[in-house]
Amino acid sequence: EEEDREDDDGDDAEEEDMEEDHGRDGYIDSSQLPGYQAEGDERVSFDSCLAIANSYKVEGNDKFKNQEWSEAMECYQNALQVLEPYKSIPFKQVKEMLTSCHLNIAASGYKKSVGMKRDLEAARELDLALQHCKEALSLDPRSVKAYFRQGQIYAEISALEDAARSQYDSFSGSANILTQRSRDSLLQAKSILGTNDNSIAAAFEELEAGAAKKRRKEYRTSLQMSKASDATMERSDKAAERMNQKNIPRKAEDWNKIDLDGELQRLEYESLRQVILVLCTG
């Protein structure tokens, strides 16, 4: 599902000639590669690292398309880990791959948060998504996709309850301030793009209509109803359990253990109390 900026599967890096010296003779220890099985002290070249990172990214894109957000994020994180030794080297392929993976993690985290009913759980994913947006912008300050996704994330954050927002420093500010940050990010994306865009326009419409706030309110109502229903079911189960205990047939030896005089006195007291209540209220 690819529509403008809405589903960010990353961009393919352009081919260009690379210098021979890639730092530390152009090789890294294979132990630095996540999930890579190597024999002995194997070293992996820069080109191989780039290929491995791209394979993780492609796998992540497949997970993303299947809406397997957590699995997609893990794949993109693996790609970032593979390129970690090269991130300070100004190679275009590395910069593009890193930017793309950060954006895709942000997109996955955002989409995962939208389906989470509990604000605290959603807040955790949104904080991670926002961090990766900022990482992408540090690599590419004019990234339209980064500003677009950041705008969506701030809109979602603004809809969280204060208790959830207060857990993260990146969520500082009132709901109105966060809404403005969302608006500013979307405007920045539109300004850099320099033309109208359906995804950005749709994000603006959702923001002004308070779509995230309405969704969060519906989630909270649903959770409250579910909690009330669970409490009712628990009371019903306990009542049924008490009834079953009363109706358990007694064995002959059980009757021998009962204090009959005490039981009779209790029954007489209860009967007398009921009579007194009737007389007092009559």
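Projected label points at Ser222 and Ser55, each 7 Å from Cα along the beta carbon direction, are separated by 3.9 nanometres. When the accessible area of the range 82-127 is computed with all protein chains present and a 1.4 Å probe, what percentage of it is carbon and sulfur? Reported share for carbon and sulfur atoms: 52 percent. Computed from the C-beta positions of Ala231 and Asp162, the FRET efficiency with R₀ = 35 Å rounds to 0.85. Here the range 87-121 is scanned for amide nitrogen atoms under 17 Å from the site 7 Å beyond the Cα of Ala211 along Cα-to-Cβ, giving 107-116.
Element breakdown for the range 157-236 at a 1.4 angstrom probe: carbon and sulfur atoms account for 49% of the accessible area. Solvent-accessible area per residue in the range 72-115 equals 33 Å², computed with a 1.4 angstrom probe and all protein chains kept. Remark: the range 124-170 carries 41 Å² of accessible area per residue (probe radius 1.4 Å; ligands, DNA and RNA excluded).
Computed from point charges on the beta carbon alone (+1 for Lys and Arg, -1 for Asp and Glu), the dipole magnitude for the range 41-187 about its Cα centre is near 500 Debye. The figure for Met225 is an accessible area of roughly 130 square angstrom, using a 1.4 Å probe on the protein chains alone. Which entries in the list Lys112/Lys213; Lys145/Lys190; Lys65/Lys87; Lys63/Lys112 go over 20 Å, if you measure between the two C-alpha atoms of each? Beyond 20 Å: Lys65/Lys87. Across the range 84-222, the relative contact order, built from alpha-carbon pairs under 8 Å that are at least six residues apart, equals 23 percent.
The values are calculated or read from the model by the stated rules, or taken from the named source; none is laboratory data. Model, not experiment: these values are computed from the prediction. Glycine gets a Cβ as well: all are built from the backbone with ideal geometry, and neighbour counts include every protein chain shown. Side chains included, ligands, DNA and RNA excluded: accessible areas come from the protein's heavy atoms. Shrake-Rupley method; radii C 1.70, N 1.55, O 1.52, S 1.80 Å.
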